[in-house]
Amino acid sequence: MLTVCGSLQRVSMNRAVLEVAREMVAAAATVDDFDGLAGIPAFNPDLEGRPADAVTQWRARLAAADVVLIAAPEYAGALPGALKNALDWIVGSAELYAKPVALMSAGTSGGEHARGGLVRTLTWQGAHVVASVGIAAPRTKTDERGRITDSATLEQIAALTSQLLAVPGLDATALIDLVASIVEPLGIDRGHIAPALR
Ligand SMILES: Cc1cc2nc3c(=O)[nH]c(=O)nc-3n(C[C@H](O)[C@H](O)[C@H](O)COP(=O)(O)O)c2cc1C
């Protein structure tokens, strides 16, 4: 499992929820964390074939992962620009094609728009978004050290990570139905879902 935090700030609630998720899956999965979004240059299609090392690293880490967990804040009603930029670099190289991805957004509102935008852009590049959880007002759900302690939130994160890790065992019909349950409520037709590679 590769974790990716869409927030670049040092003290981040999205990093905090990813930390919890990593601890929860540690016994069941190998976990890698990609922490290089800030080093990825602005997307330029002219450079797609000779990208910066940071882009090559990003592509390689995604390619090596069997599943991906992204946690990102919502900025001004959308996903963070740094994350969208990084995702634009892999439209052509397709490292997320048919790859299971789960989403979390910790922030004031629970990041409905950030997650909606992520579902759209990930689906457009062939990723299978299999779970999505919003964690509203996350600072009210931590202890004094900033660790998530709210039991309902911990249960949500546990359910999301179990769902994500279970996806490689699903048959094609179950997988596409699961992805449809995420994309269709957002007005995305199931025709946009990439076929299951089974
Ligand atoms: C520039 C900016 C714009 C924001 N816009 C939104 C927003 O549209 N919706 C929302 O729910 N929270 C918004 N927030 C609040 C973030 O959700 C909150 O600060 C969150 O904790 C940031 O994630 P992080 O702690 O992982 O860095 C915004 C914060 C900033 C700094």
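The values are calculated or read from the model by the stated rules, or taken from the named source; none is laboratory data. All values reported here derive from a predicted model rather than from experimental measurement. Please note: Cβ atoms are built from the backbone with ideal geometry, for glycine as well, and neighbour counts cover all protein chains shown. We work out accessible area using only protein heavy atoms, side chains counted, and drop any ligands, DNA or RNA first. Shrake-Rupley method; radii C 1.70, N 1.55, O 1.52, S 1.80 Å.
Give the residue that is nearest to the chain's Cα centre (by Cα), with candidates limited to residues of segment 35-50 that are within 16 Å of the ligand (Cβ to nearest atom) and open to solvent by 10 Å² or more (accessible area, probe 1.4 Å). My answer is D35. The set of residues in segment 127-171 that are among the polar types (S, T, N, Q) and under 17 Å from A21 (Cα atoms) comprises S132, T142, T149, S151, T153, Q156, T161, S162, Q163. Residues of segment 19-34 that are part of a helix (DSSP H, G or I), open to solvent by less than 60 Å² (accessible area, probe 1.4 Å) and in contact (Cβ under 8 Å) with a residue 40 or more places away in the chain: V20, A21, V25. Would it be correct to say that Y97 is within 16 Å of the ligand (Cβ to nearest atom), surrounded by fewer than 18 Cβ atoms within 10 Å (Cβ to Cβ) and not β-branched (V, I, T)? Here the answer is no, as Y97 does not meet what is asked. Only one of the listed residues (T153, T173, T149, T140) is polar (S, T, N, Q) and within 18 Å of the chain's Cα centre (by Cα). That residue is T153. If you filter segment 156-170 down to residues that are among the aliphatic types (A, V, I, L, M) and open to solvent by 20 Å² or more (accessible area, probe 1.4 Å), you find that the one that is farthest from the chain's Cα centre (by Cα) is L170.
Considering segment 104-134, and only residues there that are touching a Ser or Thr at 6+ places or on another chain (Cβ under 6 Å) and more than 8 Å from the ligand (Cβ to nearest atom), the residue that is most open to solvent (accessible area, probe 1.4 Å) turns out to be R115. Looking only at residues of segment 178-198 that are outside any helix (DSSP H, G or I) and farther than 15 Å from P100 by Cβ, we find that the one that is most open to solvent (accessible area, probe 1.4 Å) is D189.
Scan D35, D53, D66 and give me the residue that is closer than 28 Å to E184 by Cβ and either at pLDDT below 95 or of a type in the set (D, E) (or both).
Going through D35, D53, D66 in turn, just one is closer than 28 Å to E184 by Cβ and either at pLDDT below 95 or of a type in the set (D, E) (or both): D66.
Within segment 4-18, is even one residue away from the ligand (no atom under 16 Å from the Cβ) and either open to solvent by less than 10 Å² (accessible area, probe 1.4 Å) or part of a helix (DSSP H, G or I) (or both)? No, because not a single residue in segment 4-18 is away from the ligand (no atom under 16 Å from the Cβ) and either open to solvent by less than 10 Å² (accessible area, probe 1.4 Å) or part of a helix (DSSP H, G or I) (or both). Based on this model, can you work out whether I157 counts as touching a residue at least 24 places away in the same chain (Cβ under 8 Å) and over 19 Å from T121 (Cα atoms)? Criteria met by I157. Within this structure, T153 fails the test of being within 16 Å of the ligand (Cβ to nearest atom), modelled with pLDDT of 95 or more and open to solvent by 60 Å² or more (accessible area, probe 1.4 Å).
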